[in-house]
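Single-structure report; data block below.
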Amino acid sequence: MHPSHLIAALLKLLAASLLLISFAMLSRRRTQRLITLFAWQGAVLFMSTLLVAHSAGLRELYYSAALTLLLKVIALPWILHRLIHRLGAQWDSETLVNIPTTMLVGLGLVIFAFGLAQPISRMATTITRNTIGIALAVIFLAFLMMITRRKAVTQVIGFLAMENGLFFAATSATYGMPMVIELGIALDLLVGFFILGIFFFQIREQFDSLDLSNMEALKED
Amino acid sequence: MSLAGETSRYMVAFAKHDLSFLLMLICGWVILGIVGLVRPHRMGWIARILFPVGALIALGIAVLGAIALLSGHAPQIFLLPLGLPNLPFHARLDTLSGFFLLLLGMAGAGISTFAAGYFRSGEGTAPGLLCLQYHVFLASMALVILADDAYFFMVAWETMALSSYFLVTAQHRIPEIRRAGFLYLLMAHIGALCILLCFGVLQGGRWLFTFDAMRGASLTSFWASAAFLLALIGFGAKAGLVPLHVWLPEAHPAAPSPVSALMSGLMLKTAVYGMLRITFDLLHIRYWWWGVLVLGVGLFSALFGAIFAAVQTDMKRLLAYSSIENIGLIFTGIGLAILFEACHLPLFAALALAAALIHSLNHSLFKSLLFLATGSVLHATNQRSLGKLGGLIRRMPWVAALALIGTLAIAGLPPLNGFVSEWLLLQSFLFTPQIPHAFLNMLIPLGAAVLALTAALAAYVMVKFYGVIFLGQHREPSLVHAHDADWLERIGLAWLALGCVAIGVLPQLALRAAGAVTETLLGQAVNLTSPFWLIAPITSRQASYSGLILLAGIIGVVGITFVGVRILAHGRMRRTVPWDCGYPWQTSRMQDTAEGFGQPIRHIFDPFFDMERELPFPTDVAPHYRIHIEDRMWKTLYLPIARGVQRLADWIGLLQGGRLSTYLLYSFLTLIVLLGFVL
Amino acid sequence: MTALTMVRQFGEVLLAIAIAPLFSGWIAQCRAWLQSRAAPPLTQPYRMLRKLFQKDVALATNASALFRMTPYILFGTMVLAAAIIPSIATDLPFARVADAIALIGLFATARVFLSLAAMDIGTAFGSMGARRDMMIGFLAEPALLMVLFNAFLLSGSTALPNVVEASTAHPFLMDPSLLFAAVAFLMVLLAENARIPIDNPATHLELTMIHEAMALEYSARHLALVEWASDLKLFNYACIGFALFLPWGIATHGADGALALGLAVAVLLAKLTVAGAALALIESLSAKLRIFRAPEYLAMAFLLAVLGLLVHLLLGA
């Protein structure tokens, strides 16, 4: 078999696992599990970036793969774990909509994402173009998770997963963004993350809980 | 060899006059009905003579239908010297009619035999009148299938609606039955109106209402689609497609059981026939979105029917909802066929259409069987509510055994017939990714998921149906006196059960019959070359199935196991009280009720139902539990329409002042306006 | 059809009947080890069967013929299912008679009969078990069908031997959709065989049991057949899993001489050993779900299988 076919097949497999992990995140209730899944998602992303870097022979992509490994597989999950331990929020996070319905909606989103991605992937010339739909679907699903969860921590995880999808879209469609942008995004992410972290503590001090439904009390009648 | 040649020559000679024989037989039914009127209260005469003769006529019609189907003749045409001057009735017999006549005759023979044992004199319509209505109903269904012009078709169609209306309201002293009958008549007429309009569109401006003229008419895509949609609404209302299904669960249970069987088993199929006739024969073109529409409606009806059947507590209502499910499956097949045909994949279209046709045939057999079985149960126990039955397998072994066959068949279990059509339908879903539309080829394979869910739910429903009625302990003490069905009823049931087994075991026969129809309608049939005991509709590599060998395998393995256990172990046995984890005070009230058995479905599919619940408190001394489930369609669709009509009627009602001079003024003004037009 | 083919066919079935209890015994042993208990010997299921066959049947007074027939039908359908699934060789004449859809039909037949039999005596637990099992079944069955649909689309055939041959022809082209299908299949396997997240095969706690509740009224040889049939069912499911996701080592058409068959048996045993240990591990790591959560779990399996189908269609292999 030709090596590029093998790489394409492997990439498809990785893309599918990315989607699978996204669905697993939608279906999990426990925050700890979500973080583990997030780390796994990062790991898959790392592998796919490495593969693309190898097949396209782009050195920058190796750097961004390393960045992914450091940031998304090691650093952020570790921080998140510590955070939820300190916040005491490692257990169940209530969902607003029941899980099978959420997954059904997710299924619809996947179809929509693929429909949306079709014209783009027809234009793209990379061997990974089929996976743009999956990247888009991962973004949508992360969004869906943010919508259907109640706790602040899960929202952050959803936010981070969304960024994973974006990153994957970038690598699969165009072999990655320019390095500057990528570094910028990584920095943004980190800053955003810290700000949100500070918010958690503020929210908890204010309401004695991380349940976001408390925020509804803030609106003026 | 020479014998076979001789036989086939006779068959050919005979087949030439098929249609006239058929019409004579149908006349025979009407005559039977009129003879019944001569002595309308002689039960023995009507039941023991007329109904069995009607069954024989049905058998004859089935045979003639089969000959028309398999002889491979060009369609036969016959002009009836009836009807209006210059508008004679045209009759035509082709393979499609042949198939549906076969269906009508096969199931009709069983039902009429059963009815011979079933009807007794009592409340409501006199037996003689019932006999007339019953046979006119049968005859009108056969004429619908044979009609070859819009005028004849509509006359037969309306006769069918009216005669069945009178049969539904046989026990017209009960208000609910009158209400059900009214609803049925209303929906039947809305449907008939749409069909009439559909014919109006189909004639395409030439004002010729024979089907032959319609075949030649070339419609623009707009008018073709309009005709198709009108046909879908019209026949959908008769078939009970969601959301036009509301009359079905009311009317079918209200009728006496043989009539329920006729309506569910046969009348719904005339709607399928009409749909096929118009879509594949009269219309010269088909668009892919028609297929998607029919497919969507069919799948939704199937799922809807199965879910609602699972929560019913009345055995006949349960079966009525199950009919909606099965009609949904049939229309799913039709939708797929339209879609494939429009996408120029005729072989797959033939497969999907064959699945729909065979499922129609199957449904006419097993649904009739089950409705008749509920009739026997009803006679034996006077109970329709599942909550008051139970344990009848010990009192009515014959009915229980035959109903078990129907139950397993309708649950889609191999090696019976329900499985065959579901298998074919699933096979045709496998080809949907080949549809050359970007979005469709992703979406439609998901229909297979809905289909699989529906099929599995049907098994759930049927376990509930059979388990609650026939198994367990008697829920009422009076059930001890239940008696088994009499011999005519048993023959009727056994005939239908035999049909279920035969098609299940030799599906190639049914596939040949359906193949002849698809050959006419689509110019293509699935692969029929495999031996008689095997079906391999596309290629034998793709898929093959043999009910016969599967049945032989099951019997063989079960037999060997039984003998082996007896030889290697022993056959010792003693009878004790049930164990039930050692709980000593068991009463029949501790079994699952019908409500209890439906609970998981209510829980899972909660959004489908409009539920009212009264739950007991833990502190209640006399706990009371009540649940009432309504169809959401009533509140969201029908009641608003009814209110709108009422408002319109009120508004028009203003014209009705009650004063004679005002009315005269209306007439006068109308006259003036009309004269003004003439000027 | 040669004599060798028939030998292969019957040999496979007999092997399935023979080693199915062994597989269950192996899982029980692994579970015991993982939970730091003294493990029962590997032959425990056989001893159990022998004991049961020797006992006298105690039949409820109101049991009908359906109740007495059911154990034989259960066993028969499971044996037939074993005849369709290519566990060691793909040249199975019986697989032409019944494809994978018919296989699901056979499983459904077994389930319907067992549920009906459970309702026959009319005890509280029996009908409760029947209801729960049918609930699990109606969700698990479509999920399984969707898993198989994936395989059908990949191989263009609904006959399992053809599926295996198609996938062994391209051993490195693991389709991504199979990933989803595999997860869904594992979930269905656990649910359908009354294993931990849904039911506990080792429990007799009245209110949580499902399979046990249905077999409650059976005794002696009837119970032995019911148990043997459920062992066979687990074995069959494992073999379906191997055929779909790990087809290596199955003797394909044309390359199924005695040596290849011997090898195939050895590979099958190795796979069963690993799979049994893995199942025991999964069961030990997870907690039993409340019965109300079971629909959610199965709906997830169903949706995952559907998603696999979707991924296959979308990525357009």
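The values are calculated or read from the model by the stated rules, or taken from the named source; none is laboratory data. Values in this document were obtained by computation on a predicted structure and should not be read as measured data. Glycine also receives a Cβ, built like all others from the backbone with ideal geometry; neighbour counts cover every protein chain displayed. The area values use the complete protein model at the heavy-atom level, side chains included, leaving out ligands, DNA and RNA. Shrake-Rupley method; radii C 1.70, N 1.55, O 1.52, S 1.80 Å.
Using the Cβ atoms and a cut-off under 13 Å, what net charge is assigned to the surroundings of residue B:128, where Lys and Arg are +1 and Asp and Glu are -1?
Surrounding charge for residue B:128 is +2.
How large, in percent, is the carbon and sulfur part of the accessible surface of segment C:120-194 at a probe radius of 1.4 Å?
68
Within chain C, which is the longest segment that contains none of the chymotrypsin sites (Phe, Trp or Tyr not before Pro) sitting in a DSSP loop with at most 16 other Cβ atoms within 10 Å?
C:1-171
Where in segment C:214-247 does accessible area fall by at least 10 Å² between the isolated chain and the complete protein assembly, at a 1.4 Å probe radius?
C:216, C:217, C:221, C:225
Whenever you get a sec, compute what percent of the accessible area on chain B sits on carbon and sulfur atoms (1.4 Å probe).
69
Leaving out ligands, DNA and RNA, what percent of the accessible area of segment A:128-170 is carbon and sulfur, probe 1.4 Å?
Percent of accessible area from carbon and sulfur atoms in segment A:128-170: 70.
Can you tell me the FRET efficiency between residue B:285 and residue B:438 if r is taken as the Cβ-Cβ distance and R0 is 25 Å, rounded to the nearest 0.05?
In this case the efficiency is close to 0.65.
Net charge around residue C:49, counting only other residues with Cβ within less than 14 Å of its Cβ (Lys, Arg = +1; Asp, Glu = -1)?
In short, +3.
When the accessible area of each residue in segment B:586-633 is compared between its chain alone and the complete protein assembly (1.4 Å probe; ligands, DNA and RNA ignored), which residues differ by at least 50 Å², being lower in the assembly?
B:592, B:597, B:604
Counting protein heavy atoms only and a 1.4 angstrom probe, how many square angstrom of accessible surface do chains C and B bury in total, to the nearest 100?
6700
Under the rule that an exposed site lies in a DSSP loop and has at most 12 other Cβ atoms within 10 Å, name the longest stretch of chain B with no trypsin sites (Lys or Arg not before Pro) of that kind, not counting the sites themselves.
B:207-571
If the limit is 31 Å between Cα atoms, which of B:367/B:635; A:151/C:233; B:464/C:288; B:464/C:233 go over it?
Result: A:151/C:233 exceed 31 Å.
Excluding same-chain residues fewer than 8 positions from residue A:12, which lysines have a Cα within less than 27 Å of its Cα?
Cross-link targets: A:72, C:271.
Compute the distance in nm between two label points, each set 7 Å from the Cα along the Cα-to-Cβ direction, one at residue B:533 and one at residue B:229.
About 5.3 nm, to one decimal.
Just from its helices, what would the mean residue ellipticity at 222 nm be for chain B, if runs of 4 or more DSSP H residues each count -39500 (n - 2.57) and the sum is divided by every residue, rounded to the nearest 500 deg cm²/dmol?
-22000 deg cm²/dmol, from helical runs alone.
Given a 1.4 Å probe and no ligands, DNA or RNA in the count, how much accessible surface is buried by C and A, both sides, to the nearest 100 Å²?
Chain pair C/A: roughly 2000 Å² of buried accessible area.
Which value, in debye to the nearest 20, gives the size of the charge dipole of chain B about its Cα centre, when Lys and Arg are +1 and Asp and Glu are -1 at the Cβ?
The calculated dipole for chain B is roughly 960 debye.
Give, in nm to one decimal, the length gained when the segment between residue B:610 and residue B:30 is fully stretched (0.36 nm per residue of separation minus the Cα-Cα distance).
204.4 nm
Kindly identify residues of segment C:282-317 having a loss of at least 50 Å² in accessible area between the isolated chain and the assembly of all protein chains, probe radius 1.4 Å.
C:296, C:300, C:303, C:307, C:310, C:313, C:314, C:315
At 222 nm, what helix-only mean residue ellipticity would chain C give, in deg cm²/dmol to the nearest 500, using -39500 (n - 2.57) for each DSSP H run of four or more?
-24500 deg cm²/dmol
Work out, step by step, the length gained on full extension between residue B:642 and residue B:215: first 0.36 nm times the residue separation, then minus their alpha carbon distance; give nm to one decimal.
Once the chain is fully extended between residue B:642 and residue B:215, it gains 150.0 nm.
What accessible area per residue comes out for the protein assembly as shown, rounded to a whole number of Å², with a 1.4 Å probe?
The answer is 39 Å² per residue.
In percent, what relative contact order does segment B:531-661 have, based on Cα pairs under 8 Å that are 6 or more apart in sequence?
RCO, segment B:531-661: 10 percent.
Can you give me the distance in nm between label points at residue B:20 and residue B:384, each placed 7 Å from the Cα along the Cα-to-Cβ direction?
The two pseudo-label positions are separated by 4.6 nm.
Compute the signed sum of charges (Lys and Arg +1, Asp and Glu -1) over the other residues within less than 14 Å, Cβ to Cβ, of residue B:216.
With Lys, Arg at +1 and Asp, Glu at -1, the net is -2.
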